[in-house]
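Inspection log for the structure reproduced underneath, given as structure tokens.
The values are calculated or read from the model by the stated rules, or taken from the named source; none is laboratory data. Everything numeric here is computed off the predicted structure, so don't read it as measured data. In case anyone asks, the SASA skips ligands and DNA or RNA and just uses the protein heavy atoms, side chains included. Shrake-Rupley method; radii C 1.70, N 1.55, O 1.52, S 1.80 Å.
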Amino acid sequence: QNYPATIDKVNDDGTFTVKWDDPDGGPETNDVEAGAMKKIIVFKDYVVGDDVLAVSSEDGNTYPGIVSKINEDGTFQVKWDDPDGGPETDNVNAENMKKVTVFKDYKVDDVVEAVFPDDGQMYPGTVIKDNGDGTFQVKWDDSDGGPEDSPVKVKDMKYPPIPLDKLEVGQKFIGTVKSVREFGAFMDIGAETDGLVHISKIANERVNDINDYVEEGQEVDVWVSEIRDDGKLGLTMVEGKIGGGGRRPADLTAFEAVDPDEWLSGTVDNVLDFGAFVTVTLPDGSASASGLVHISQIRDGFVEDVYAEVEVGQEVKVRIVNVDLERGKMSLSMKSGFGGAPAAARPPADLSAFEGIPSDQGLTGKVAR
């Protein structure tokens, strides 16, 4: 297994003596060959006021905070956003911290998603005022009996995810590295799904080890290089490596005349938070194409998790709801409608157990829909 450590000595035989960060009862040092090691770049240039995610010495978990002091021993004093009864500050090593860039330049009339103070959940709203104290006044789209507007900290706000159909090849974004794999890095650019920077598009030169270029949490400039019909997003860190000249609209002419009441067989190609991409084939086998079943069209009722409803490779029945020839997009539905194949009839619910309950008796219930 790989464990974090620091080089303690360079040996004459070409090996290195490394001192383990946490020996956990084992030897504190070991001699390791260069081929079994990987250099880790640790950011250490934190300044007072930086927003960070840092590991608490109390429980070993990661929490948000602000650098409040630079200590002489190379550690940083972090003031926790919410100490929750524990110490307000902690001294943290640089390797146990990660800088977080918090967007603070919201403007009046910006549409945002923000944390509602009454329940801690994210809801849509609109910025109506800069309060000048680091918070913004947000007017909720649906206050649902609560306050119509609330002050919200910038850490508790974000812009709504950008729909893929609003992206254009060549657009530039600041991306945050979400994960690093041997073949590339997944980036969050604020879109509905993370994008992949393939290892060939990390730099102009040949990249042998992607970890020498990027790490989780790092922010880098990226450009949209490809938007695929299956919902996958390609990015590049090299502006000149924008491939393919963009997405070519699929030819959906054969599907335009299909009756929206007609059920077609399809196979799930990709599953994302906002829906599933399904490849459908015409009954005569003359054409196949991919379309999106939005989360709202998976089934009747509220769908909280698309991944709990469908999986890649699953055979499903879908209807064609809309065909956009110009953009090469097709909207599908797994729900009955438009007089199509009806859903299986439900037997009447057995309510006999409730028959004798007095009308003035209160019962505990749960909102199901």
Study note, to complete from the structure: Once all protein chains are kept in place, Ile298 shows an accessible area at probe 1.4 Å, nearest 10 Å², of 10 Å²
Check your understanding: Using a cut-off of 19 Å between alpha-carbon atoms, which lysines can reach Lys107, once sequence neighbours fewer than 8 places away in the same chain are excluded?
Key -> Lys129, Lys139, Lys153, Lys155, Lys158
**Study point:** Distance cut-off 20 Å, percentage of C-alpha pairs in region 169-272 lying past it
**Key:** 46 percent
**Study point:** Share of alpha-carbon pairs per 10 Å distance bin for region 88-190, given as whole %
**Key:** 12, 33, 31, 19, 4, 0
Check your understanding: Over region 71-140, with a single point scatterer placed on each C-alpha, what log10 of the ratio I(q)/I(0) does the Debye formula yield at q = 0.11, 0.14, 0.19, 0.25 1/Å?
Key -> -0.44, -0.66, -0.91, -1.09
Revision key, fill the gap. Gyration tensor on Cα atoms of region 256-300, a ≥ b ≥ c root eigenvalues, a/c under 1.5 rounded, else prolate if a/b beats b/c, else oblate, says oblate
Check your understanding: Which percent of the accessible area of region 155-197 is formed by carbon and sulfur heavy atoms (probe 1.4 angstrom)?
Key -> 49 percent
Study note, to complete from the structure: With bins of 20 Å, the percent of all Cα-Cα pairs of the chain per bin from 0 is 19, 45, 29, 6, 0
Review point. Near Lys39, which lysines are there with a Cα under 17 Å away, not counting those fewer than 8 places off in the same chain?
Key: Lys9, Lys19
Exercise for review: Kindly write out, for region 88-99 in residue order, the coupling ³J(HN,Hα) from the Karplus curve 6.51 cos²θ - 1.76 cosθ + 1.60 (θ = phi - 60°), rounded to whole Hz, with x marking Gly and Pro.
Suggested key: 6, 10, 8, 8, 10, 6, 4, 5, 9, 10, 9, 6
Revision key, fill the gap. Scalar couplings 3J(HN,Hα) for region 313-322 by Karplus 6.51 cos²θ - 1.76 cosθ + 1.60 (θ = phi - 60°), nearest whole Hz, x for Gly and Pro, are x, 6, 8, 9, 10, 9, 10, 8, 8, 7
Exercise for review: Once you've got the Cα coordinates, tell me which of Lys44/Lys166; Lys38/Lys99; Lys201/Lys329; Lys44/Lys104 are over 30 Å apart.
Suggested key: Lys44/Lys166
